[in-house]
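Undergrad: This structure is in structure tokens; I'll ask about it shortly.
A short reminder: the numbers here are calculations on the coordinates, not readings from a lab. Just so it is clear, the structure is predicted and the values come from calculations on it, not from any experiment. Don't worry about glycine lacking a Cβ; one is built from the backbone with ideal geometry, like all the others, and counts go over all protein chains shown.
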Amino acid sequence: MSAARLSKLAELRAKTDQDLVRIISSELESGLQSVAAETSVDSSGARSIYANALRLLPKVENLNERRKLEANLEVLRERLKRRRAVAVGCI
């Protein structure tokens, strides 16, 4: 494969990675907002977002971006865990 073609592929991969980071970041933000706004015990929307982000995260090649996303994912996990603990305590 030519150097120009390899360069173009690398450029395309970098753009795809950036898009994936934006999508995951936006979804995590939505999940955090959802957990904060939900008044009922049901947090299935946020749990679904968590599961999707967890599945997509390994596909992010940029380690710095992945670490940032992992930190936000952990925040969402903890909030979901707290929500579940409160729900169990209320029953």
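Undergrad: With a cut-off of 20 Å, note down the residues of the stretch 49-72 whose backbone N falls inside the zone around a label point 7 Å from the Cα of Q33 toward its beta carbon.
TA: 49-54, 69-72
Undergrad: Let me ask something else. For all pairs of alpha-carbon atoms in the chain, what percent lies in each bin of width 10 Å, listed from the first bin to the last filled one?
TA: All Cα pairs, binned at 10 Å, distribute as 16, 39, 23, 13, 6, 2, 0 percent.
Undergrad: Give, rounded to the nearest 20 debye, the magnitude of the charge dipole that the chain has about its Cα centre when Lys and Arg contribute +1 at Cβ and Asp and Glu contribute -1 at Cβ. Each step should come with its number before you reach the end.
TA: Numbers: 17 positive and 12 negative charges, 42 e Å.
Dipole about the Cα centre, nearest 20: 200 debye.
Undergrad: For S26, what charge total do you get from the other residues with a beta carbon under 14 Å from its beta carbon, if Lys and Arg give +1 and Asp and Glu give -1? Numbers along the way, then the final one.
TA: Working: positive: R22, K68; negative: D19, E27, E29, E65.
The answer is -2.
Undergrad: Modelling each spin label as a point 7 Å along the Cα-to-Cβ direction, I'd like the E74/D19 distance in nm, to one decimal.
TA: Each label point is offset 7 Å from its Cα along the Cβ direction, giving 3.0 nm.
Undergrad: Could you state the angle between the C-alpha long axis of helix 44-56 and the longest principal axis of the C-alpha atoms of the chain, as a value from 0 to 90 degrees rounded to the nearest 10?
TA: Relative to the chain, helix 44-56 is tipped by roughly 30 degrees.
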